[in-house]
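First comes the structure, then the notes that go with it.
The values are calculated or read from the model by the stated rules, or taken from the named source; none is laboratory data. From a predicted model like this one, the values you see are computed outputs, not experimental measurements. Please note: Cβ atoms are built from the backbone with ideal geometry, for glycine as well, and neighbour counts cover all protein chains shown.
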Amino acid sequence: MIAEEFKELLSSLRGLGHHQRNLAKATLNPQTDLPETLGVIEARFELNPACPHCAGIRLSRYGSASGLQRYSCKSCRKTFNALTGTPLARLRHKPK
Ligand SMILES: [Zn+2]
């Protein structure tokens, strides 16, 4: 695609409605499947698991909720999951 055409494409994107904008996003970035994304986040947490409340590393598995593994901290006894303390913490989804 030549530069002029690309400029035109970009400026036409500004006129997209909310739904069209989301559709365009999903087309450009196909990995928007939430359970899959959460799986990636959990896998990262498992690499270096630590309590988001006290940074303790003595954890035990504590069932699961909302499709996410819950942990309990042996130091402060609080429970949490891989999203606790992140901007995604309030995210809800139905497990597959
Ligand atoms: Zn703790």
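Each row is one residue, and each column tells you yes or no for (1) assigned by TED's automatic domain parsing to the domain that holds Asn81; (2) surrounded by 11 or more Cβ atoms within 10 Å (Cβ to Cβ).
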residue	(1), (2)
Phe6	no, no
Ser12	no, no
His18	no, no
Lys25	no, yes
Leu28	no, no
Phe45	yes, yes
Pro49	yes, yes
His53	yes, yes
Ser66	yes, yes
Pick from the stretch 64-87 the residues that are charged (D, E, K, R) and farther than 17 Å from Pro35 by Cβ: which of them is nearest to the ligand (Cβ to nearest atom)? Lys78
Looking at the stretch 54-87, which of the residues that are assigned to a loop (DSSP other than H, G, I, E, B) and of a type in the set (Ser, Thr, Tyr) is farthest from Val40 (Cα to Cα)? Ser75
Determine which single condition Arg44 fails, assuming it passes every other condition in (1) at pLDDT below 85; (2) under 18 Å from the mean Cα position of the chain (by Cα); (3) basic (Lys, Arg). (1)
Verdict on Arg90 being away from the ligand (no atom under 16 Å from the Cβ) and either part of a helix (DSSP H, G or I) or aromatic (Phe, Trp, Tyr) (or both): no
